[in-house]
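Novice: I'd like to ask some things about the structure below.
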């Protein structure tokens, strides 16, 4: 069972918190291709948020190719249809790294704190429990 959590004191918009949590569940393998996400109404009621926020999150995830919306059936984790080229992956990683470094600098974090945080998050992803009743295939690219 998925556990979504909204922290109104986090300083991060509800939209971003939900988007990040869904992406985290997919990246960690808790959600896999074909798995169904909660309905818009169900998720909005459970989290006590505006349904249009959930609609926006699902729409953005669908636009990114992360999920697929099926009329009358709901939202499902999409099967990976394409893989980024090495140069596109590198550009995206640099963009994310720059955003992290800038925000960390604004908070006054040291380089060591940033590196530890990234290492901890990677370790947490690797340690995520295997989804039940799912065949886990070897990952490409050594990760």
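Novice: So, of the residues in the stretch 49-76 that are part of a loop (DSSP other than H, G, I, E, B) and over 17 Å from residue 16 (Cβ atoms), which turns out to be nearest to the chain's Cα centre (by Cα)?
Specialist: Here the answer is 65.
Novice: Report yes if residue 143 is out of contact with any strand residue (DSSP E or B) (no Cβ under 9 Å at 6 or more places or on another chain), surrounded by 11 or more Cβ atoms within 10 Å (Cβ to Cβ), at pLDDT below 90 and not assigned by TED's automatic domain parsing to the domain that holds residue 2, otherwise no.
Specialist: no
Novice: Of all the residues that make up the stretch 25-62, how many are within 13 Å of residue 75 (Cα to Cα) and without any contact (Cβ under 8 Å) to a residue 40 or more places away in the chain?
Specialist: 11
Novice: In the stretch 84-103, what residues are at pLDDT below 85 and within 17 Å of residue 23 (Cβ to Cβ)?
Specialist: Within the stretch 84-103, 84, 89, 92 meet the criteria.
Novice: Take residue 34 and tell me if it is loosely packed, with under 15 Cβ neighbours inside 10 Å and at positive phi.
Specialist: yes
Novice: Here is a follow-up. Scan the stretch 7-22 residue by residue and report those that are crowded, with 16+ Cβ neighbours inside 10 Å and in contact with a helix residue (DSSP H, G or I) (Cβ under 9 Å, 6 or more places away or on another chain).
Specialist: 14, 15, 18, 19, 22
Novice: Further question on the same structure: Note down all Cβ pairs under 6 Å where the first residue falls in the stretch 93-104 and is in a helix (DSSP H, G or I), the second is surrounded by 10 or more Cβ atoms within 10 Å (Cβ to Cβ), and they're at least six residues apart or on different chains.
Specialist: Listed pairs, sorted by first residue: 104/114.
Novice: Also, I was wondering about something else. Looking only at the stretch 59-98, which residues are loosely packed, with under 11 Cβ neighbours inside 10 Å and in contact with a strand residue (DSSP E or B) (Cβ under 7 Å, 6 or more places away or on another chain)?
Specialist: Selection gives 70 alone.
The values are calculated or read from the model by the stated rules, or taken from the named source; none is laboratory data. Because the structure is predicted, anything quoted here is derived from the model rather than measured. All Cβ positions, glycine included, derive from the backbone under ideal geometry; neighbour counts span all protein chains shown.
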